[in-house]
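Colleague: Input: one structure, supplied below.
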Amino acid sequence: MKINYEWNGDAQRLDFSQELALYRIIKEILVNAVKHAEATTITINIENTTDTFKLFVKDDGKGFDVETTQKDAGLRNIKDRTLILGGKVYISSEMHSGTTIQIDFNKQNS
């Protein structure tokens, strides 16, 4: 498996609860990409500014139907943890075309 990673913006750390939630979100995304999507390449981009944090993860896996898979426990955990951060999650996937997940939150509101 190949993982591409890029960090942009501030090096300042988030508070512990934000970091823990993001760790669990990223872990769930990576487990899903390996276990279910059978991805061979995963790209992770993080943008950390003074006010906002954005996570973008894309894989080249087999994809899934977003509408019918929304009740999956893993995706539900990702959405719930994003809500705890006061953020929004965007999931895009097509069969045989991989999956893209984007998470955005305002650091001041979480």
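The values are calculated or read from the model by the stated rules, or taken from the named source; none is laboratory data. Keep in mind it's a predicted model, so treat the numbers as computed, not measured. Neighbour counts run over all protein chains shown; Cβ positions are idealised from the backbone, glycine included. Surface areas here come from the heavy atoms of the whole protein model, side chains and all, with no ligands, DNA or RNA. Shrake-Rupley method; radii C 1.70, N 1.55, O 1.52, S 1.80 Å.
Colleague: Being among the charged types (D, E, K, R) and surrounded by fewer than 16 Cβ atoms within 10 Å (Cβ to Cβ) narrows it down to one residue among LYS54, LYS27; which is it? Step through it out loud before you land on a result.
Modeller: On the way: LYS54 fails: surrounded by fewer than 16 Cβ atoms within 10 Å (Cβ to Cβ).
Of LYS54, LYS27, the one residue that is among the charged types (D, E, K, R) and surrounded by fewer than 16 Cβ atoms within 10 Å (Cβ to Cβ) is LYS27.
Colleague: Now, a different point. Checking ALA39 against (1) open to solvent by 100 Å² or more (accessible area, probe 1.4 Å); (2) in a loop (DSSP other than H, G, I, E, B); (3) closer than 23 Å to PHE64 by Cβ, only one condition comes out false. Which one?
Modeller: All conditions pass for ALA39, except number (1).
Colleague: Looking at segment 50-106, which of its residues are in a helix (DSSP H, G or I) and charged (D, E, K, R)?
Modeller: Hits for segment 50-106 are GLU67, ARG76, LYS79, ASP80, ARG81.
Colleague: Among residues belonging to segment 77-96 that are surrounded by fewer than 13 Cβ atoms within 10 Å (Cβ to Cβ) and at pLDDT below 90, point out the one that is nearest to LYS2 (Cα to Cα).
Modeller: HIS96
Colleague: Taking the criterion of being within 22 Å of ASN4 (Cβ to Cβ), out of contact with any His (no Cβ under 9 Å at 6 or more places or on another chain) and polar (S, T, N, Q), would at least one residue in segment 23-36 satisfy it?
Modeller: The answer is yes; a qualifying residue exists.
Colleague: While we're looking at this one, here's another question. Out of segment 1-36, which residues are assigned to a loop (DSSP other than H, G, I, E, B), of a type outside the set (D, E, K, R) and closer than 17 Å to THR82 by Cβ?
Modeller: Answer for segment 1-36, where residues must be assigned to a loop (DSSP other than H, G, I, E, B), of a type outside the set (D, E, K, R) and closer than 17 Å to THR82 by Cβ: just LEU14.
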